Amino acid sequence: MTRYIWNILVAVDQLANTLFGGDPDETISSRLGKWTRSGKNKRGNKKVLFKIANFVVELFEKDHFAKSIEEDEGKKEVWK
């Protein structure tokens with residue numbers, strides 16, 4: 001049952017990423033990890049949203065976005 005719930009959560013995550021214009025098979029965390037790596041999280045109007053999301057996930061796992069990067073999914077550069 002635990003695996004089933006995890007799979008549902010990943011599917012919801014991928015759906016949310018798709019609704020925000022991302023790759024349908026990539027999670028939001030992977031997308032934010034790539035965005036952080038590119039340095040684009042330090043400027044623009046998405047900076048505040050990133051800080052909030054980062055604060056929340058850091059409560060559960062340190063460096064979550066970096067650990068969640070899926071190199072084989074999505075685009076190399078995100079949120080130009």
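Worth a mention:
- Filtered residues of the range 29-54 (kept if free of Cβ contacts under 8 Å to residues at least 40 places away in the same chain, small (Gly, Ala, Ser) and either farther than 19 Å from Asp72 by Cβ or open to solvent by 40 Å² or more (accessible area, probe 1.4 Å) (or both)): Gly39, Gly44, Ala53
- Test: Leu32 is over 11 Å from the mean Cα position of the chain (by Cα) and of a type outside the set (Gly, Ala, Ser): no
- Odd one out for Glu26 among (1) open to solvent by less than 50 Å² (accessible area, probe 1.4 Å); (2) in contact with a helix residue (DSSP H, G or I) (Cβ under 9 Å, 6 or more places away or on another chain); (3) outside any loop (DSSP other than H, G, I, E, B): (3)
- Taken together, the residues in the range 14-23 that are open to solvent by 40 Å² or more (accessible area, probe 1.4 Å) and over 17 Å from Glu71 (Cβ atoms) amount to 5.
The values are calculated or read from the model by the stated rules, or taken from the named source; none is laboratory data. Model, not experiment: these values are computed from the prediction. Note that we place each Cβ from the backbone using ideal geometry, even for glycine, and neighbour counts take in every protein chain shown. Remember, those area values only see protein heavy atoms, side chains included, never the ligands or the DNA or RNA. Shrake-Rupley method; radii C 1.70, N 1.55, O 1.52, S 1.80 Å.
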